[in-house]
Amino acid sequence: MSQEQTYKAAGFGADVPRGTRPAIVVVDFSYGFTDLQYPTASDAAAQMAATKRLCDIARAKGYPVVFTTIAYHPGEVDKLPWLKVATGMRALIEGTRLVEIDAATGIQPQDAVVTKKGASSFFGSTLAALLTGAGTDTVVVCGATTSGCVRATVVDAVQTGFNVLVPADCCADRAQAPHDANLYDMGQKYADVTDADDIAAWLESL
(Lines give C-alpha, C1' and ligand atoms only; values in the text may rest on other atoms or scores of the structure.)
Protein backbone atom coordinates (compact mmCIF):
# COMPACT_ATOMS: atom_id res chain seq x y z
CA MET A 1 0.00 0.00 0.00
CA SER A 2 1.04 3.60 -0.50
CA GLN A 3 1.68 5.86 2.47
CA GLU A 4 -1.71 7.49 1.96
CA GLN A 5 -3.46 4.12 1.82
CA THR A 6 -1.64 2.90 4.92
CA TYR A 7 -2.75 5.89 6.97
CA LYS A 8 -6.31 5.75 5.64
CA ALA A 9 -6.57 2.03 6.40
CA ALA A 10 -5.42 2.75 9.96
CA GLY A 11 -8.20 5.30 10.40
CA PHE A 12 -6.21 8.51 10.28
CA GLY A 13 -6.77 11.76 8.41
CA ALA A 14 -10.47 12.38 9.02
CA ASP A 15 -11.79 15.92 8.65
CA VAL A 16 -11.84 18.10 11.76
CA PRO A 17 -15.21 19.64 12.70
CA ARG A 18 -15.29 23.43 12.67
CA GLY A 19 -17.16 25.20 15.40
CA THR A 20 -18.48 28.74 15.62
CA ARG A 21 -16.17 30.23 18.26
CA PRO A 22 -12.63 30.28 16.83
CA ALA A 23 -9.45 31.71 18.25
CA ILE A 24 -6.09 32.36 16.60
CA VAL A 25 -3.02 31.20 18.51
CA VAL A 26 0.22 32.60 17.12
CA VAL A 27 3.15 30.59 18.41
CA ASP A 28 6.52 32.26 18.99
CA PHE A 29 6.63 34.80 16.19
CA SER A 30 9.03 36.73 18.42
CA TYR A 31 12.18 38.38 17.11
CA GLY A 32 14.32 35.50 18.36
CA PHE A 33 12.55 33.30 15.82
CA THR A 34 11.91 35.82 13.03
CA ASP A 35 14.90 38.20 12.86
CA LEU A 36 17.72 36.54 10.95
CA GLN A 37 20.38 38.37 12.94
CA TYR A 38 19.68 35.75 15.63
CA PRO A 39 20.84 32.14 15.03
CA THR A 40 17.56 30.74 16.37
CA ALA A 41 15.54 32.54 13.68
CA SER A 42 14.20 31.53 10.28
CA ASP A 43 12.79 33.60 7.44
CA ALA A 44 9.13 33.95 8.42
CA ALA A 45 8.16 37.15 6.59
CA ALA A 46 5.61 35.52 4.28
CA GLN A 47 4.18 33.39 7.07
CA MET A 48 3.78 36.41 9.34
CA ALA A 49 1.99 38.32 6.59
CA ALA A 50 -0.44 35.43 6.07
CA THR A 51 -0.95 35.16 9.83
CA LYS A 52 -1.59 38.90 10.15
CA ARG A 53 -4.39 38.59 7.60
CA LEU A 54 -6.14 35.95 9.72
CA CYS A 55 -5.61 37.87 12.95
CA ASP A 56 -7.10 41.02 11.43
CA ILE A 57 -10.21 39.12 10.34
CA ALA A 58 -10.58 37.41 13.71
CA ARG A 59 -10.30 40.68 15.65
CA ALA A 60 -12.84 42.39 13.39
CA LYS A 61 -15.24 39.54 14.12
CA GLY A 62 -14.63 39.74 17.87
CA TYR A 63 -12.69 36.48 18.17
CA PRO A 64 -9.60 36.19 20.38
CA VAL A 65 -6.06 36.44 19.09
CA VAL A 66 -3.39 35.08 21.43
CA PHE A 67 0.37 35.33 20.93
CA THR A 68 2.93 33.18 22.72
CA THR A 69 6.60 33.75 23.45
CA ILE A 70 9.35 31.77 25.15
CA ALA A 71 11.15 33.80 27.83
CA TYR A 72 13.42 32.71 30.65
CA HIS A 73 14.59 34.31 33.84
CA PRO A 74 18.42 34.15 33.98
CA GLY A 75 18.12 31.91 37.03
CA GLU A 76 16.28 29.26 35.01
CA VAL A 77 18.79 28.86 32.21
CA ASP A 78 21.18 26.44 33.89
CA LYS A 79 18.43 24.37 35.49
CA LEU A 80 16.04 23.42 32.70
CA PRO A 81 16.82 20.14 30.87
CA TRP A 82 15.45 21.42 27.52
CA LEU A 83 18.09 24.14 27.46
CA LYS A 84 20.82 21.53 27.77
CA VAL A 85 19.66 20.08 24.43
CA ALA A 86 18.33 23.18 22.65
CA THR A 87 21.15 25.45 23.77
CA GLY A 88 20.18 28.23 21.37
CA MET A 89 17.07 28.84 23.45
CA ARG A 90 19.27 30.02 26.33
CA ALA A 91 19.42 33.46 24.70
CA LEU A 92 15.66 34.00 25.12
CA ILE A 93 15.90 36.05 28.30
CA GLU A 94 13.04 38.04 29.80
CA GLY A 95 13.17 41.72 28.86
CA THR A 96 15.31 41.28 25.75
CA ARG A 97 14.27 42.03 22.18
CA LEU A 98 14.45 38.35 21.28
CA VAL A 99 11.30 37.56 23.28
CA GLU A 100 9.22 40.48 21.97
CA ILE A 101 6.51 39.68 19.44
CA ASP A 102 7.57 40.78 15.95
CA ALA A 103 5.68 43.94 14.95
CA ALA A 104 5.22 42.45 11.46
CA THR A 105 2.56 40.17 12.95
CA GLY A 106 0.35 43.20 13.47
CA ILE A 107 -0.04 42.45 17.18
CA GLN A 108 -2.50 44.80 18.89
CA PRO A 109 -2.73 46.00 22.51
CA GLN A 110 -5.86 43.93 23.13
CA ASP A 111 -4.16 40.68 22.09
CA ALA A 112 -3.18 38.43 24.97
CA VAL A 113 0.48 37.41 25.19
CA VAL A 114 1.26 34.12 26.93
CA THR A 115 4.79 33.47 28.18
CA LYS A 116 5.93 29.86 28.16
CA LYS A 117 9.01 27.91 29.17
CA GLY A 118 8.76 24.91 26.87
CA ALA A 119 7.58 23.83 23.45
CA SER A 120 3.81 23.62 23.95
CA SER A 121 1.94 26.87 24.38
CA PHE A 122 -0.35 25.06 26.83
CA PHE A 123 2.22 23.58 29.17
CA GLY A 124 2.46 25.56 32.40
CA SER A 125 0.66 28.58 30.92
CA THR A 126 -2.71 30.33 31.06
CA LEU A 127 -3.57 29.52 27.43
CA ALA A 128 -6.16 26.83 28.12
CA ALA A 129 -7.91 29.08 30.66
CA LEU A 130 -7.92 32.01 28.23
CA LEU A 131 -9.45 29.95 25.42
CA THR A 132 -11.98 28.26 27.69
CA GLY A 133 -12.96 31.59 29.21
CA ALA A 134 -13.58 32.97 25.73
CA GLY A 135 -15.81 30.01 24.87
CA THR A 136 -13.46 28.85 22.11
CA ASP A 137 -14.28 25.61 20.32
CA THR A 138 -11.83 25.73 17.40
CA VAL A 139 -8.20 26.83 17.54
CA VAL A 140 -6.23 28.01 14.51
CA VAL A 141 -2.53 27.49 15.21
CA CYS A 142 0.08 29.56 13.35
CA GLY A 143 3.71 30.36 14.09
CA ALA A 144 7.17 28.89 14.52
CA THR A 145 8.59 26.44 14.39
CA THR A 146 6.38 23.92 12.61
CA SER A 147 8.33 20.91 13.84
CA GLY A 148 8.76 22.20 17.37
CA CYS A 149 6.50 24.58 19.23
CA VAL A 150 3.71 24.60 16.63
CA ARG A 151 3.47 20.83 16.65
CA ALA A 152 3.60 20.64 20.46
CA THR A 153 0.88 23.28 20.71
CA VAL A 154 -1.32 21.46 18.19
CA VAL A 155 -1.01 18.17 20.07
CA ASP A 156 -1.86 19.78 23.39
CA ALA A 157 -4.71 21.79 21.87
CA VAL A 158 -6.51 18.69 20.64
CA GLN A 159 -5.76 16.85 23.88
CA THR A 160 -7.25 19.80 25.79
CA GLY A 161 -10.51 19.43 23.87
CA PHE A 162 -10.30 21.90 20.99
CA ASN A 163 -10.81 21.28 17.30
CA VAL A 164 -7.55 22.34 15.63
CA LEU A 165 -6.81 23.89 12.23
CA VAL A 166 -3.31 24.56 10.91
CA PRO A 167 -2.80 26.88 7.92
CA ALA A 168 0.46 25.58 6.49
CA ASP A 169 1.39 28.91 4.91
CA CYS A 170 1.22 30.54 8.34
CA CYS A 171 3.87 28.21 9.82
CA ALA A 172 7.64 28.62 9.53
CA ASP A 173 10.59 26.31 10.17
CA ARG A 174 14.35 26.28 9.70
CA ALA A 175 14.32 23.51 7.11
CA GLN A 176 11.77 22.23 4.59
CA ALA A 177 11.95 18.51 5.40
CA PRO A 178 10.90 18.77 9.09
CA HIS A 179 8.31 21.38 8.14
CA ASP A 180 6.70 19.08 5.58
CA ALA A 181 6.95 15.93 7.68
CA ASN A 182 5.35 17.52 10.71
CA LEU A 183 2.54 19.11 8.71
CA TYR A 184 1.78 15.69 7.24
CA ASP A 185 1.77 14.01 10.64
CA MET A 186 -0.36 16.72 12.25
CA GLY A 187 -2.84 16.43 9.40
CA GLN A 188 -3.14 12.69 9.85
CA LYS A 189 -3.49 12.62 13.64
CA TYR A 190 -4.36 15.94 15.26
CA ALA A 191 -5.62 18.70 12.96
CA ASP A 192 -6.84 19.79 9.58
CA VAL A 193 -3.82 21.16 7.72
CA THR A 194 -5.08 23.78 5.28
CA ASP A 195 -4.09 27.28 4.14
CA ALA A 196 -4.75 30.92 4.98
CA ASP A 197 -7.26 31.39 2.15
CA ASP A 198 -9.41 28.57 3.50
CA ILE A 199 -9.26 29.84 7.07
CA ALA A 200 -9.98 33.42 5.99
CA ALA A 201 -13.07 32.33 4.03
CA TRP A 202 -14.30 30.29 6.99
CA LEU A 203 -13.79 33.15 9.44
CA GLU A 204 -15.60 35.56 7.15
CA SER A 205 -18.52 33.13 6.90
CA LEU A 206 -19.15 33.01 10.64
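A dipole drawn for the range 92-198 from +1 and -1 charges on Cβ atoms has a positive end, and of Asn163, Cys149, Gln188 the residue lying farthest that way is Cys149.
With both labels modelled 7 Å from their Cα along Cα-to-Cβ, the Ala175 to His73 distance reads 3.5 nm.
The string of couplings for the range 75-85 from the Karplus curve (6.51, -1.76, 1.60, θ = phi - 60°) is x, 8, 4, 8, 10, 8, x, 4, 6, 7, 9 Hz, one whole number per residue in order, with x for Gly and Pro.
Among Thr105, Thr51, Gly133, whose Cα sits farthest toward the positive end of the charge dipole of the chain (+1 at Cβ of Lys/Arg, -1 at Cβ of Asp/Glu, about the Cα centre)? Projecting each Cα onto the dipole axis, the largest value belongs to Gly133. In this calculation the C-beta distance from Ala112 to Asp197 is compared with R0 = 41 Å, giving a FRET efficiency of 0.95. Taking the chain as a Gaussian network of alpha-carbon nodes connected by springs under 10 Å, the highest mean-square fluctuation of the residues Gly75, Gly187, Gly88 belongs to Gly75. In plain terms, the chain from Arg59 to Arg18 could stretch by 12.9 nm, reckoned as 0.36 nm per residue minus the Cα-Cα distance. For a paramagnetic label modelled at 7 Å from the Cα of Thr6 toward its Cβ, which residues of the range 166-206 fall within the zone defined by backbone nitrogen distances under 19 Å? The answer is 177-190. Heavy-atom accessible area for Asp180, with the other protein chains in place and a 1.4 Å probe, reaches approximately 70 Å².
Taking the Cα centroid of the range 64-132 and of the range 36-56, what is the distance between the two, rounded to the nearest whole Å? Cα centroid to Cα centroid, the span is 16 Å.
Projected label points at Leu206 and Ala46, each 7 Å from Cα along the beta carbon direction, are separated by 2.7 nanometres. DSSP finds beta bridges in the chain, and of those with both partners inside it, around 5 percent are antiparallel.
Between Thr87 and Glu100, the modelled label-to-label distance comes to 2.9 nm, taking each label 7 Å out from Cα in the direction of the beta carbon.
Among Ala104, Ala46, Ala129, the residue with the largest mean-square fluctuation in a Gaussian network model of the chain, with springs joining Cα atoms closer than 10 Å, is Ala129.
Between Thr40, Thr115, Thr132, the Gaussian network model of the chain with springs among Cα atoms under 10 angstrom shows the greatest mean-square fluctuation at Thr132. In the assembled protein chains, Lys79 presents an accessible area of approximately 140 Å² (probe radius 1.4 Å). Full extension of the chain between Thr160 and Thr132 yields a length gain of 9.1 nm, computed as 0.36 nm times the residue separation minus the alpha carbon distance.
The values are calculated or read from the model by the stated rules, or taken from the named source; none is laboratory data. Keep in mind the model is a prediction, meaning the values are calculated, not measured. FYI the Cβ positions are ideal-geometry reconstructions off the backbone, even for glycines, and counts take in every protein chain you see. Just so you know, the surface numbers come from the protein's heavy atoms only, side chains and all, with ligands and any DNA or RNA stripped out. Shrake-Rupley method; radii C 1.70, N 1.55, O 1.52, S 1.80 Å.
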